[in-house]
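One structure is given here, and the rest of the page talks about it.
The values are calculated or read from the model by the stated rules, or taken from the named source; none is laboratory data. Predicted model, so just to flag it, every value in this text is computed and none were measured. Virtual Cβ from ideal backbone geometry, glycine too; neighbours counted across all protein chains shown.
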Amino acid sequence: MGHLDADCACIIELLDSDGDGICDGEEVEGCMNPEALNYDPEATDEGFCEIPGCKESTACNFDPQATLDDGSCIWPGEPCIIETSCEYEAYLNENCECTFVGLDPDSNGNGICDFDEVLGCTDPEACNFNPEAAVNDGSCDYESCADCPEDIDGDGIVAINDLLTLLSNFGCTGNGCAGDIDGDGSTTVNDILALLSSFGGNC
């Protein structure tokens, strides 16, 4: 439509009531949200968008953007899964937190179920390192595979420090005894004699 100015010239007025640069007669009403089920890429004026989700405000997974209730609401007391803890079934508490009822089956929090834990030596530097072990059971042995087991402190020479270490562990039995030079599982006189026979030598 238009009107005449003071010089009787016709001035055309384009109606764009919302100021979006598109004439009212060319506007297309529709959903302009790309995440909606009924998204219309041709739409220029916002219309109703179909966004599925939980519309119940007291539900644990309430979605304020949802316009269509899809039946997905979950509530406190319902079962849930804690993926980082053995995928054991747990329950949503009053704060909608997934919580175990009873003992956590991953008591040390390392992401491995207690019943799947492999015990062994976890130190790659040890002679009996077990790459499958998840929990160190104190069995690491650093002597049985050493080129120079008499060099207890690993400084490249059999010296007084090695002897003192051996003596401080004299009588030790079981895996991982420092000074168990002969690898028999205990620190005894035989280990002292072995060390003294190499005393002062380089490794």
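Miscellaneous remarks
- Single unsatisfied condition, LEU103 versus (1) among the aliphatic types (A, V, I, L, M); (2) modelled with pLDDT of 80 or more; (3) outside any helix (DSSP H, G or I): (2)
- Any pair with Cβ under 6 angstrom, 6 or more apart, that starts in the range 54-73 at a residue that is farther than 19 Å from GLU35 by Cβ and ends at one that is among the β-branched types (Val, Ile, Thr): CYS60/ILE74
- Considered as a group, the residues in the range 183-198 that are closer than 15 Å to ASP141 by Cα and touching a helix residue (DSSP H, G or I) at 6+ places or on another chain (Cβ under 8 Å) include one that is surrounded by the fewest Cβ atoms within 10 Å (Cβ to Cβ), and that residue is ASP184.
- Failed item, numbered, when ASP180 is tested on (1) part of a loop (DSSP other than H, G, I, E, B); (2) over 14 Å from CYS140 (Cα atoms): (2)
- Which listed residue is at pLDDT 85 or above, among the acidic types (Asp, Glu), crowded, with 16+ Cβ neighbours inside 10 Å and not in a helix (DSSP H, G or I), from GLU143, GLU150, GLU94, GLU132: GLU150
- Verdict on GLY201 being at pLDDT below 85, out of contact with any Gly (no Cβ under 8 Å at 6 or more places or on another chain), exposed (fewer than 14 other Cβ atoms within 10 Å of the Cβ) and closer than 30 Å to ILE74 by Cα: no
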